[in-house]
Amino acid sequence: MHDDLIARAKAWLAEDPDQETRDELAGLIDTGDVTELADRFGGTLQFGTAGLRGELGAGPMRMNRSVVIRAAAGLAAYLKKTGTPHGDDTAGLVVIGYDARHKSADFARDTAAVMTGAGLRAAVLPRPLPTPVLAFAIRHLGAVAGVEVTASHNPPRDNGYKVYLGDGSQIVPPADADIAAEIDAIASLDDVPRPDAGWEILDDSVLDAYLARTDAVLDAGSPRTARTVYTAMHGVGKDVLLAAFARAGFPEPVLVAEQAEPDPDFPTVAFPNPEEPGAMDLAFAAARATGPDLVIANDPDADRCAVAVRDGGDWRMLRGDEVGALLAAHLVRRGARGTFAESIVSSSLLGRIARKAGLPYEETLTGFKWIARVEGLRYGYEEALGYCVDPEGVRDKDGITAALLITELASALKEEGRTLLDLLDDLAVEHGLHATDQLSVRVQDLSLIADAMRRLREQPPTELAGLAITRAEDLTRGTDRLPPTDGLRYTLDGARVIVRPSGTEPKLKCYLEVVVPVAAHAGLPAARARAAELLAAVKRDLSAAAGI
C-alpha cells in the first residue's frame, strides 16, 4: 500500500506543470507522510453539476493546475463530440472568466490554452470580474460554453471550476457525467496540447455591454434616492457595482473600506459569506456611523446579494427568502409577466404571490442550473441569497442586478415614507407569515452526513413540533415534477422541512418553514412569536431524529 501510494505520487509529480505544487508534493514524498498522501491520492476530485470545487494543493483530490487541465480537456472533448462548429464552420467559442482567488488566473489561462490546443476558440475576460459578467458574456458573444474559475463564498484555501453551456446556464445531467467521462479518459497530461498563445483577451466591451443591459432591470423614471452601505466581502464586485449604481443614478454607496478590494486571504472574515456569523459586522458598523437606508453585500464572486435593514435600534440581515419575496412583490407591482420560479428549499410565499397575481409558478431542484431552465422565466430566486431578475441578460443568479432592483424598491418605499420591513408586514398580513430557518451542520467527516440521511430514511419522524407529518417524500426517487436528488421532504400541517447534503460544502442542510395566519393570532407580534416557537421546536425535534 505504501509503495503503491508513493509510486502514484511520483507519477503525478512527473506531470505536474506547477512549481508550487511540485515542491509541495516532493516534500510529502520525501518525508513519507502517508496520511497526507493518502488523503490527496485516495481518489479524484469529482466533476459534477457544480463543476469542481475543493481545497488548493497537490494531487488528484485537490484543486491544482493538473486537475484543471484535465477538466478543461474533458470539457473540450465533450464540446467537440456534441457539435460546436457554427454554420460558417468556424470553431465554437469558449469564454473564460475568473475571480481573485489564489490560482484563479492560472486556471483561467490553462483553460484557454487547452481550448485553443483542442481547436476551439477561447476568449478570457480582461481581469477578475463577477461571475454574472461571464454568464452574460456567453449569450452576448454567442459562445458554445463558458468557464468561471471561482469557489464563490468558500474558505480562502478553496477554488473551483464552474461550467456553463451555450444557453448561458450551468450544466445539468447528463452533461456533467458525459464531461466527467471525457476527463477520466485522459491518460496523461502529455496528451493534452497546450500552446503558449492563440486565445483572445477580451477588452472592456463585454463589461460595458453587461452594464448597458442593467438598464433593463429598472423602471424608467423610478425613484433613485435610497442610500446604501456596500461591502464586496474582499471579492470582485466593487467596481462593477459602483459603475452600475452610477449608471442608474443612485447615490454612491458608502464602501466598507476594509473589505472593498479583492484579497484571496479574506482577512476580516472567518468565511467570506454574508450569511455566516460575523461576516457583516464591519458593514453594520459602517451603517451605524452613516445611517443609510439599507446595507448591501455581495459574496466574493458577486453572484449573490445580501440585504440588511434597520430593525428597531440596530441592523439585521434579511433572510434570502425575505429578499426573494420583496423582489417578487416589486416586480408584480411593476406589472411583470412570465413565470416566477424558485428552488424547493425556498419559501412557499413566492408561490402565493405569483398565484395571487395570476402568474405561472414553478419549483425546481436546488441550484440556478435548474431555475434558469424554467420555460418563460421572468424571475427566479433561492434562499441562499441568489436572485435572477433579468433572465434575458443573465441566466444565473446575479448579485449586481439584484442589488439594483432592491435599491429601486427601497427608493420607491422611501418616497412613500415606508421601508422594506413595512412591505414584508403587508405580505405577511395578505399571505400569512412565512417564517424560515435552517439547521446547518458543518462536518469534518462526510460519513456523518450519510449516517444522518440513512437514520432519517430508516426511522423517519412521524411528527415535528407536535405537528403531524402528513407526507414524507424521499427525493432520490424523483417526483412527477422533479428529477431525482439526494434529499428528504416532509410536509406538515402549516410547516415544511427539507433535508439534503450541501452540493458545495461539507454540510448537512435542513430547510425549515412554518406558515402562521396573522388574523388567527390577533396580529403580527403574536404570529411572529408563534412562528419562532414552532421553528425552534421543529429544529430541536429534527436534530434529535437525525442524530445531529
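Of note:
- Remark: the D425-A270 segment gains 52.5 nm on full extension, using 0.36 nm per residue and subtracting the alpha carbon distance.
- Descending semi-axes in Å of the stretch 82-179, equivalent ellipsoid built from Cα gyration tensor: 22, 14, 13
- Simple label model, 7 Å out from Cα along Cβ direction - K356 to E416, nm: 1.2
- Annotated for the chain: lysine pairs at least 8 residues apart or interchain, Cα distance under 15 Å, count 5.
- Whole-number accessible area per residue in Å² for the stretch 1-126, which is evaluated in the context of all protein chains at 1.4 Å: 40
- Extension gain (nm, one decimal) between E458 and E473, 0.36 nm per residue minus Cα-Cα: 4.1 nm
- Sequence-distant residues sharing a close amide H with D311 (under 5 Å, placed H): R316
- Under 5 Å, built H, 5+ apart or other chain: amide partners of E463: I469
- Summarising the label geometry, the points placed 7 Å from Cα in the beta-carbon direction at S440 and T35 lie 2.9 nm from one another.
- Calculated FRET efficiency, R127 to D23, Cβ-Cβ distance, R0 = 22 Å: about 0.20 to the nearest 0.05.
- Beta bridge orientation in the chain: antiparallel %, DSSP, nearest 5: 65
- Note on A220 and R528: the extension gain reaches 107.2 nm, defined as 0.36 nm multiplied by sequence separation minus the Cα-Cα distance.
- Distance between modelled label sites at D3 and R247, nm, 7 Å Cα→Cβ extension: 6.4
- R530 - accessible surface, heavy atoms, 1.4 Å probe, Å² rounded to 10: 80
- Here L141 and D314 are evaluated by their C-beta separation; at R0 = 51 Å the FRET efficiency comes out at 0.65.
- Reciprocal of mean inverse Cα separation for the stretch 447-548 (Kirkwood radius, Å): 14.5
- Entry for Rg and Dmax of the Cα atoms in Å (calculated from the structure that is shown) out of (1) 24.7, 89; (2) 23.7, 74; (3) 22.4, 68: (2)
- Whole-number D in µm²/s for the stretch 433-501 (Stokes-Einstein; Kirkwood sum over Cα pairs; 4 °C, 1.567 mPa s): 98
- Residues D486 and D281, FRET efficiency given R0 of 45 Å [Cβ-Cβ distance, rounded to 0.05]: 0.85
- The chain: angle of helix 320-333 to the longest principal axis, Cα-based, in degrees nearest 10: 70
- For the chain, the 222 nm mean residue ellipticity estimated from helices alone, with every DSSP H stretch of n ≥ 4 adding -39500 (n - 2.57) and the total spread over all residues, rounds to -12000 deg cm²/dmol.
- Paired Rg and Dmax values of the stretch 406-456, which use every Cα atom, in angstrom: 19.8, 53
- Karplus-derived 3J(HN,Hα) values for the stretch 51-65, using 6.51 cos²θ - 1.76 cosθ + 1.60 with θ = phi - 60°, are x, 10, 7, x, 6, 5, x, 8, x, x, 9, 10, 8, 7, 5 Hz; glycine and proline are entered as x.
- Per residue value of the accessible surface for the stretch 335-472 (all protein chains in place, 1.4 Å probe), Å²: 39
- Cα gyration tensor category, rounded, prolate or oblate, for the stretch 263-347 with a/c compared to 1.5: oblate
- Solvent-accessible area, 1.4 Å probe, carbon plus sulfur percent, for the chain: 50
- Overall form of the stretch 312-450 per C-alpha gyration tensor (a/c, 1.5; a/b vs b/c): oblate
The values are calculated or read from the model by the stated rules, or taken from the named source; none is laboratory data. Not measured: the values here are computed from a predicted model. A quick note on method: Cβ atoms are made from the backbone with ideal geometry, for glycine too, and the neighbour counts reach across all protein chains shown. With ligands, DNA and RNA removed, areas are computed over all heavy atoms of the protein, side chains included. Shrake-Rupley method; radii C 1.70, N 1.55, O 1.52, S 1.80 Å.
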